[in-house]
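The values are calculated or read from the model by the stated rules, or taken from the named source; none is laboratory data. Since this is a predicted model, take the numbers as computed values, not measurements. Cβ sites come from the backbone with ideal geometry, for glycine too, and all protein chains shown count toward neighbours. Just the protein is used for accessible areas: all its heavy atoms, side chains included, with ligands, DNA and RNA removed. Shrake-Rupley method; radii C 1.70, N 1.55, O 1.52, S 1.80 Å.
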Amino acid sequence: FGGYPFGRFEHAFDVKKRLTVPAAWRDMLGHPRYLYIIRNPKEQCLTILAPDEMRQRMERLKGGSLFDPKLSAAWRYIGENSEMISVDSTGRIRISDRLLNAVGLTDKVVFIGMGNKMEVWPLSLKPAEPKFDSDTMLDAFTVIGL
């Protein structure tokens, strides 16, 4: 796939509680038949990953001790708080009520494209604009090679 877009897109659920992934974003993802969605443990949002991205991240967890408590906790969190969701021919996804309720997604949402992932926030709780001083911004740009 060609990567994830950047930017934001506001959307409302349809009557069947489906959301439509923006068409331009689906094009960039290569029109996947499914996506992975996981509850963010630190923010009140859901994170969407393409299959290849999820696969890469899961590979990092493999290989440790079967009984390592930290590794087990990570697998347990992912197992309980993520889903593989189908993408229909018009780009609609249906997230389980359990995950929707966990982060307060009820009516309108904000999709935020973040390079290697997308986040879905309740419109009422969209993340605040980050406040960076020039040194912090310069450090961030240096890390990504800009």
Taking 7 Å along the Cα-to-C-beta vector as the label spot, tell me the Arg92-Trp75 distance in nanometres, rounded to one decimal.
-> 3.7 nm
If you work out log10 I(q)/I(0) by the Debye sum over Cα atoms at q = 0.13 Å⁻¹ from the coordinates, which of (i) -0.66; (ii) -0.54; (iii) -0.76 do you get?
-> (i)
Under a 1.4 Å probe, what is the accessible area of the range 1-81 per residue, stated in Å²?
-> 65 Å²
Can you give the net charge of the other residues whose Cβ lies under 15 Å from the Cβ of Gln56, counting K and R as +1 and D and E as -1?
-> +2
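Give me the net charge for the shell around Met28: Cβ to Cβ below 14 angstrom, other residues only, Lys and Arg +1, Asp and Glu -1. The partial results should precede the final answer.
On the way: positive: Arg26, Lys117; negative: Asp27, Asp52, Glu53.
Taking every other residue near Met28 into account, the sum is -1.
With charges set only on the Cβ (+1 for Lys and Arg, -1 for Asp and Glu), what does the dipole of the range 27-107 come to about its Cα centre, in debye to the nearest 20? Intermediate values should be presented prior to the final figure.
Details: 12 positive and 11 negative charges, 54 e Å.
Roughly 260 debye, rounded to the nearest 20.
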Note: probe point = Cα of Tyr34 + 7 Å toward Cβ; backbone nitrogen < 16 Å; residues of the range 102-127 passing the test are none
Calculate what fraction, in whole %, of the accessible area of the range 47-103 sits on carbon and sulfur atoms when a 1.4 Å probe is rolled over the protein chains.
-> 55 percent
Starting from the Cα-Cα distance between Ala102 and Arg8, subtract it from 0.36 nm times their residue separation and give me the gain in nm to one decimal.
-> 31.7 nm
What does the charge count near Gly113 come to, summing +1 for each Lys or Arg and -1 for each Asp or Glu among other residues with Cβ under 9 Å from its Cβ?
-> +1
Between the modelled labels at Met58 and Lys42 (7 Å from Cα along Cα→Cβ) the distance in nm is 2.4 nm
